[in-house]
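Student: The structure's right below; bear with me while I get my questions together.
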Amino acid sequence: MKTLKLREGKERSLKRHHPWIFESAIAKGSADSGETVRVEAADGSFLGWAAFSPASKIRARVWSFDETQRIDASFFIAAVARSTGARDRFDIKSDGMRLIHGESDGLPGLIVDRYGDTLVAQFTSAGVERWKGVIADALLAATGLTRLYERSDASSRALEGLPEVKGWLRGGDATTPTDLVLHEHEWKLGLSIAEGHKTGFYLDQRDSRKKFADYAQRLGFQRILNCFCYTGGFTVAALAGLRAGGFQGGHVTSIDSSGPALEQAQANVARNGLDARQATFLDADVNASLRKFVDAGRTFDAIVLDPPKFAPTVAHAERASRAYKDINRLALKLLEPGGVLFTYSCSGGISADLFHKIVAGAGSDAGVDGYITERMGGAPDHPMTIAFPEGEYLKGLVIMRR
Ligand code: SAH
């Protein structure tokens, strides 16, 4: 067994069970890509068993802090079963859910989503890459399913020195459909596991889409703006909410810069028996569109702002803060008094506190105040754990204009 010795003082975060070991923390030791190493403090005491990653700044990621734990197939079988078992206890109103959320489930670099009877996995660290076959079999055993598609085409693979890979890993072939329909709340939502973003869908916003539907049902919004709509989840939520509330009319303008996502969004409106005349889709840049709406004097009763990750890490936080502030300022200007803004950041580099400050700055620049009626986070199948605060990436505020 190879050993990784840390520099003096670099054991602190591991003692709190934080799983990352940066290149700069290592005094000596090396191993092959994904190989298990014993991690020791400068004084030689045991810290954890980790997967080595020779090309990555995060040079090793800990599998276990228990010295008696063997890192073998049974370790992965147990870890997968624990994560999938937890989902049975979470409150998830969908047949689409995240089964494994990387570090937060003790499996750094592994993402697994379930869409009905199909699994989609993303392997983004050298450790899970090395154990891919064992993990794939464990996933099928834990779920009783037979089909697993791999979406390891994330750019983060390059940071680990791994090539991009995409295709069926278990149980499918070229003729197996990759266009699926998931059932979230009372809605049918189509997605492509082969061509969609990430593994195909933004499962993490499930609870927020429901919340948006509830607000629409209660308040009967007439003019709705869904920015960064992707495949139209919030659009369907709004129209379904209005229908459930018995509200006639109401119109959703949805904006995204991805043509295929907009086509899927339009199909999703039809799939749910909603009136296509109540939905307009714009293939456009959100920032430019918001400016145009402000100039034209348009206003809305409800706005969703769910942008992509502007700040992947804290290093990008300053530039990202300006970008968040800008779109939030414009959105607040477009809001009618009594109107509601659902605004989000999915940047790991922006804390909940900082996000609140950014939105406060946007409000003051826009000359608009509002009540924060909800604080939102990721759905429970995208968990946060005590030891890994970086697991908190998605945060949202629901603001009702005064
Ligand atoms: N709210 C969505 C998820 C949004 S993900 C849901 O519930 O599913 C972010 C989206 O922003 C992606 O679909 C991406 O195509 C889009 N996007 C990124 N930059 C954009 C821009 N400048 N203008 C418009 N859309 C953009």
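The values are calculated or read from the model by the stated rules, or taken from the named source; none is laboratory data. Quick caveat, the model's predicted, so the values are computed rather than measured. All Cβ positions, even for glycine, are placed from backbone atoms using ideal geometry, and neighbour counts span all protein chains on display. Heads up: the accessible areas ignore ligands, DNA and RNA and are worked out on the full protein's heavy atoms, side chains in. Shrake-Rupley method; radii C 1.70, N 1.55, O 1.52, S 1.80 Å.
Student: If you count, for each residue, the other Cβ atoms within 10 Å and average over each peptide, how do 172-179, 234-241, 139-146 line up from highest to lowest? Show your work: numbers first, answer last.
Tutor: Details: 172-179: 11.0, 234-241: 28.0, 139-146: 16.2.
Taking the mean over residues of other Cβ atoms within 10 Å, the ranking is 234-241, 139-146, 172-179.
Student: When the chain is fully extended, how far beyond the present Cα-Cα distance does Arg218 get from Ala174, taking 0.36 nm per residue of separation? Spell out each step's value before the answer.
Tutor: Values: separation 44, 0.36 × 44 = 15.84 nm, distance 4.58 nm.
Full extension of this stretch gives 11.3 nm more.
Student: Report the dimensions of region 202-401 along its three principal axes from the alpha-carbon atoms, largest first, rounded to Å.
Tutor: Projected onto the principal axes, the Cα atoms of region 202-401 cover 45, 37, 31 Å.
Student: Same structure, new question: Can you give the alpha-carbon Rg of the chain over 2.2 N^0.38 Å, where N counts its residues? If you can, show how the numbers build up before the last one.
Tutor: Numbers: Rg = 22.5 Å, N = 402, 2.2 N^0.38 = 21.5 Å.
Normalised Cα radius of gyration, the chain: 1.05.
Student: Compute the orientation-averaged projected area for region 233-289 from the convex hull of its Cα atoms and round it to one decimal in nm².
Tutor: For region 233-289, the mean projected area of the Cα convex hull comes to 3.8 nm².
Student: Could you give each residue of region 150-158 its phi-based ³J(HN,Hα) in whole Hz, using Karplus coefficients 6.51, -1.76, 1.60 with θ = phi - 60°, and x for Gly or Pro?
Tutor: 9, 10, 8, 10, 7, 5, 5, 4, 4
Student: Could you state the accessible area per residue of the chain in Å², with a 1.4 Å probe and every protein chain left in place?
Tutor: Working: 17320 Å² over 402 residues.
Ligands and nucleic acids excluded, the result is 43 Å² per residue.
Student: Could you work out what % of the accessible surface of the chain is carbon and sulfur, using a 1.4 angstrom probe and leaving DNA, RNA and ligands out of the count?
Tutor: Working: 8770 of 17320 Å².
Carbon and sulfur atoms account for 51 percent of the accessible area of the chain.
Student: At a Cα cut-off below 24 Å, give the lysines reachable from Lys28, other chains included and same-chain residues fewer than 8 away excluded.
Tutor: The qualifying lysines are Lys2, Lys5, Lys10, Lys15, Lys57.
Student: Another one. Taking Cα atoms, how many degrees apart are the long axis of helix 352-366 and the longest axis of the chain, rounded to 10 and kept between 0 and 90?
Tutor: Its long axis makes an angle of about 30 degrees.
Student: For Glu392, tell me the accessible area in Å² from a 1.4 Å probe, rounded to the nearest 10.
Tutor: 80
Student: For every helix of n ≥ 4 consecutive DSSP H residues, a contribution of -39,500 (n - 2.57) applies; sum these over the chain, divide by its total residues, and give [θ] at 222 nm rounded to the nearest 500 deg cm²/dmol.
Tutor: Result for the chain: -9500 deg cm²/dmol, rounded to the nearest 500.
Student: Mind checking the full-extension length gain between Arg375 and Met1? Use 0.36 nm per residue of separation minus the Cα-Cα distance, one decimal, nm.
Tutor: On the way: separation 374, 0.36 × 374 = 134.64 nm, distance 4.69 nm.
Using 0.36 nm per residue and subtracting the Cα-Cα distance, I get 130.0 nm.
Student: In whole angstrom, note down how far apart the Cα centers of region 15-40 and region 316-394 are.
Tutor: Region 15-40 and region 316-394 have Cα centres spaced 34 Å from each other.
Student: What angle, in degrees between 0 and 90 and rounded to the nearest 10, separates the Cα long axis of helix 317-334 from the longest principal axis of the Cα atoms of the chain?
Tutor: Its long axis makes an angle of about 20 degrees.
Student: Let me ask you something else. How far apart, in nm, are the 7 Å Cα→Cβ label points at Asp88 and Ala284?
Tutor: Label-label distance for Asp88 and Ala284, simple model: 4.9 nm.
Student: Follow-up question, since we're still on this one. Which value in nm describes the separation of the simple spin-label points at Val181 and Ser364, placed 7 Å from the Cα toward the beta carbon?
Tutor: Roughly 5.0 nm, to one decimal.
Student: Separate question: In nm, what is the difference between 0.36 nm times the number of residues separating Arg277 and Val165 and their Cα-Cα distance?
Tutor: Working: separation 112, 0.36 × 112 = 40.32 nm, distance 4.03 nm.
Between Arg277 and Val165, full extension yields an extra 36.3 nm.
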